[in-house]
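Derivation of every value follows stated rules applied to the coordinates shown; laboratory data play no part. Bear in mind that the values here come from a model prediction, so they are computed numbers and not experimental data. Using ideal geometry, Cβ is built from the backbone for each residue, glycine included, and neighbour counts are taken over all protein chains shown.
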Amino acid sequence: MSSYFNTQPDKTLSILDLFAMKQAGEKISCLTAYDASFSQLIDQVGIDVMLVGDSLGMVIQGKKTTVPVSIDEMVYHTQCVVSARRRAFVIADMPFLSYTSADIALSNAARLMQLAGAQMVKMEGVHTEIIKSLVDFGVPVCAHLGLLPQSINQLGAYKVQGKSLHDAEKIAEDAKSIEKAGASLLVLECVPANLATDITNSLKIPVIGIGAGVDCDGQVLVLYDMLGISVGKRPRFCKNFMQTATDIYSAIEGFHLAVKQLKFPASEHSF
Ligand code: KIV
């Protein structure tokens with residue numbers, strides 16, 4: 001098993017490193033990042049993956065949801081993060097309605113990868129034909145299942161998904177479909193821990209959980225939530241790592257180690 005810390009700061013991780021970590025049983029640590037200063041700090045700690053999430057709409061822009069975030073804003077923040085990154089693998093979110101057809105998805109993914117330097121793009125839902133098109137053209141895709149924040153106006157509330165047998169089976173089937181379509185990674189948000197365990201064990205691609213229990217191949221949190229600086233109530237699945245840290249670097253290090261050592265999420269952060 002490799003060191004938990006940043007022993008090769010000049011080597012940028014690739015998708016192969018993330019697959020190797022799944023195979024070796026080493027948990028993948030992931031935090032959202034939106035600017036160069038935090039990107040540098042997160043990278044120095046040795047966090048494996050930085051996600052330029054459209055959560056920036058809420059934590060940076062003060063919007064109520066991720067729905068208003070534009071592709072221009074995603075390109076801008078991805079450029080900021082990539083400019084200071086040395087080792088971490090960088091994923092950029094495709095924002096709401098930026099992947100309504102294969103052509104639209106391709107031109108927006110081109111901006112995130114060519115202009116901004118993302119290594120992979122993430123999209124919410126089961127868009128297998130669009131995933132196939134992107135993958136055909138060499139764009140690695142991270143799918144996002146479970147709670148889909150971009151669908152908040154359809155859902156009505158942010159709540160745990162896959163609680164009934166029917167809903168759990170649907171999410172498990174969707175996970176198989178996105179893998180078959182060529183997705184290389186899956187973010188699984190707010191689902192019962194036992195469902196996330198089954199999905200993680202049934203897929204070859206790494207599964208990164210948020211509110212999905214400790215058995216996923218990795219864990220992601222919104223940076224501002226884990227630093228305790230988000231406005232409003234902290235979701236149950238999140239932990240404020242600043243509470244036991246002396247500075248921001250140590251809080252991020254606390255998260256990284258807790259993920260690697262299977263100490264986060266604990267049962268009180270899971271469903
Ligand atoms: O936008 C984001 O930060 C995300 C995470 C919650 C996974 O998609």
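Values for this structure:
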{"read-out": "Within the chain: Cβ-based charge dipole about Cα centre, in debye rounded to nearest 20 (Lys, Arg +1; Asp, Glu -1)", "value": "360"}
{"read-out": "Cα-based reach from Lys180 at 19 Å (exclusive), listing aspartates and glutamates while leaving out same-chain residues under 8 positions away", "value": "Glu124, Glu129, Asp136, Glu169, Asp198, Asp217"}
{"read-out": "Cα-based reach from Lys27 at 18 Å (exclusive), listing lysines while leaving out same-chain residues under 8 positions away", "value": "Lys204, Lys239, Lys260, Lys263"}
{"read-out": "Packing-based exposure ordering (other Cβ within 10 Å, fewest first) of His269, His77", "value": "His269, His77"}
{"read-out": "At most 13 other Cβ within 10 Å, DSSP loop - chymotrypsin sites (Phe, Trp or Tyr not before Pro), region 191-264", "value": "none"}
{"read-out": "Long-range HN-HN contacts of Leu147 with modeled amide H, under 5 Å", "value": "Gln161, Glu189, Cys190"}
{"read-out": "Residue-count net charge about Leu97 - beta-carbon cut-off 13 Å; Lys, Arg +1, Asp, Glu -1", "value": "-3"}
{"read-out": "Highest average packing first - 97-103, 39-45, Cβ atoms within 10 Å", "value": "39-45, 97-103"}
{"read-out": "Antiparallel bridge percentage (DSSP; both residues within region 4-269; nearest 5)", "value": "0"}
{"read-out": "Fewest-first sequence of Thr244, Thr12, Thr200, Thr78 by Cβ atoms within 10 Å of each Cβ", "value": "Thr244, Thr12, Thr200, Thr78"}
{"read-out": "Derived scalar couplings ³J(HN,Hα) [region 99-111; Karplus, 6.51 cos²θ - 1.76 cosθ + 1.60; whole Hz; x for Gly, Pro]", "value": "9, 7, 8, 4, 5, 5, 4, 5, 6, 6, 5, 4, 5"}
